[in-house]
Amino acid sequence: MRLQCDPQIPALVRVASMVLALSCLVSGFAAAESSATSSPHTIATIASTVPANGDINPYGIFVVPNTVGHLVKGNLLISNFNAVSNQQGTGTTIMQISPGGTVSQFAQIDASALPGTCTGGIGLTTALVALRGGWVIVGSLPTADGTAATAQAGCLLVLDPMGNVSETIYGTLINGPWDMAVLDHSTVSGGGTAALFVTNVLNGTVAAGGSVVNQGTVVRVDLTLSKSAPPFVEAMTVIGSGFAERTDPAALVIGPTGVALSPDGFSLYVADSLNNRIAAIPYPVTRQTTARTGITITKGGSLNDPLGLTVAPNGDILTANGDDGYMVQTTSDGLQVAKTLLDSSGDPPGSGALFGLVTVGQNVYYVDDATNTLNLFH
């Protein structure tokens, strides 16, 4: 495991980067191992993410916000994208893992017993959130045989705190839900509201047969919540559009992936994977029109197919590279200040290993789909 301040900083900001490098010595997310004044960081395997049915390829990860039903506050939910056959878009399970490594299966979803439409079936993606009232929402981008040629629109599946599917959210604006963030204004009693921010990667991609199409979207789904009934969809609004996307024989599909709100809620950060950049959609909670592909926060440098994205307690943006196994730390004004090697397996090293990641205090939990494990960067 290596951690280093990023050498690819533009010349005009080199002086500023020298000052910011101090944070690389003291921050929990950018501490140089060679520093004599800080403790070395470690990477630990918490547990396997493989359930009894053999599902693999963990993609989504979310911290349970409240204890209710089978959910335990502080545990981590993990969604699996592949079945035991290793065919992509066929995974059906959500695992629950405690920080200490206790593993249980939260849900196994039967495509033949859904309470509503989910076009194509079940293939659980990185789009995974849990609300304080106990509702768990996960994206499905299913395939019939693990290939992009059979990928279908899918849906958002809404599960109750016991792991049962209560409803599906679908329609023309939900087309290959790939990742998701949430603004949770729910109450522990089950009421309130929530806003989901969903990236979609199947708008025109299958028909394009591997060519890049600029039709990826970010959709806000506004929900009204109730203790006695599943969430009610008040509105769906396209707040981002025109993102590059294409099918891929190894990754199934590549397009806008990780999403997370800034601490003040004024920006929604999006990992624009094919363009190797992090974008920001302004005023995502209230806007009623598309911001197109948003404002570029940073591009290139240490980014290498950014997939999973989360925001650290200090407001910095953390992204997981799909092509080289690094986690990249970027300030909100676009300065790449550090990168950490989280996985060096595969060929080329680190490729195809990383997807979802979350922060808990000064710790980063992430899934590794090369080893099918939940890991801790501390």
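General observations
- Residue in the range 301-309 that is surrounded by fewer than 23 Cβ atoms within 10 Å (Cβ to Cβ) and within 17 Å of the chain's Cα centre (by Cα) present: yes
- Residues of the range 190-205 that are part of a loop (DSSP other than H, G, I, E, B), open to solvent by less than 10 Å² (accessible area, probe 1.4 Å) and either within 22 Å of Pro306 (Cα to Cα) or of a type in the set (Lys, Arg) (or both): Val201 alone.
- Pick from the range 327-378, criterion of a type in the set (D, E, K, R) and part of a strand (DSSP E or B), ranking: least open to solvent (accessible area, probe 1.4 Å): Asp368
- The set of residues from the range 282-298 being crowded, with 24+ Cβ neighbours inside 10 Å and touching a residue at least 60 places away in the same chain (Cβ under 8 Å) comprises just one member, Pro284.
- Members of the range 57-73 that are in contact (Cβ under 8 Å) with a residue 60 or more places away in the chain and either in a loop (DSSP other than H, G, I, E, B) or under 18 Å from Trp135 (Cα atoms) (or both): Gly60, Ile61, Phe62, Val63, Val64, Pro65, Asn66, Val68, Gly69, His70, Leu71
- Residue that is least open to solvent (accessible area, probe 1.4 Å), among those in the range 214-267 that are assigned to a loop (DSSP other than H, G, I, E, B) and of a type in the set (D, E, K, R): Asp264
- Conditions (1) in a loop (DSSP other than H, G, I, E, B); (2) among the β-branched types (Val, Ile, Thr); (3) touching an Asp or Glu at 6+ places or on another chain (Cβ under 9 Å): number failed by Thr143: (3)
- With respect to the conditions (1) of a type outside the set (Gly, Ala, Ser); (2) open to solvent by less than 20 Å² (accessible area, probe 1.4 Å); (3) touching a residue at least 60 places away in the same chain (Cβ under 8 Å); (4) under 18 Å from Thr319 (Cβ atoms), Ile169 lacks only one, and its number is (4).
- Search result, residues across the range 95-120 that are under 25 Å from Ser48 (Cβ atoms) and either open to solvent by less than 20 Å² (accessible area, probe 1.4 Å) or part of a loop (DSSP other than H, G, I, E, B) (or both): Met95, Gln96, Ile97, Ser98, Pro99, Gly100, Gly101, Thr102, Phe106, Ala107, Ile109, Asp110
- Of all positions in the range 84-94, at least one carries a residue that is hydrophobic (A, V, I, L, M, F, W, C), in a loop (DSSP other than H, G, I, E, B) and surrounded by fewer than 17 Cβ atoms within 10 Å (Cβ to Cβ).
- Which listed residue is of a type in the set (Gly, Ala, Ser), under 18 Å from Pro161 (Cα atoms) and open to solvent by less than 10 Å² (accessible area, probe 1.4 Å), from Gly74, Gly60, Gly69: Gly60
The values are calculated or read from the model by the stated rules, or taken from the named source; none is laboratory data. All values reported here derive from a predicted model rather than from experimental measurement. All Cβ positions, glycine included, derive from the backbone under ideal geometry; neighbour counts span all protein chains shown. In case anyone asks, the SASA skips ligands and DNA or RNA and just uses the protein heavy atoms, side chains included. Shrake-Rupley method; radii C 1.70, N 1.55, O 1.52, S 1.80 Å.
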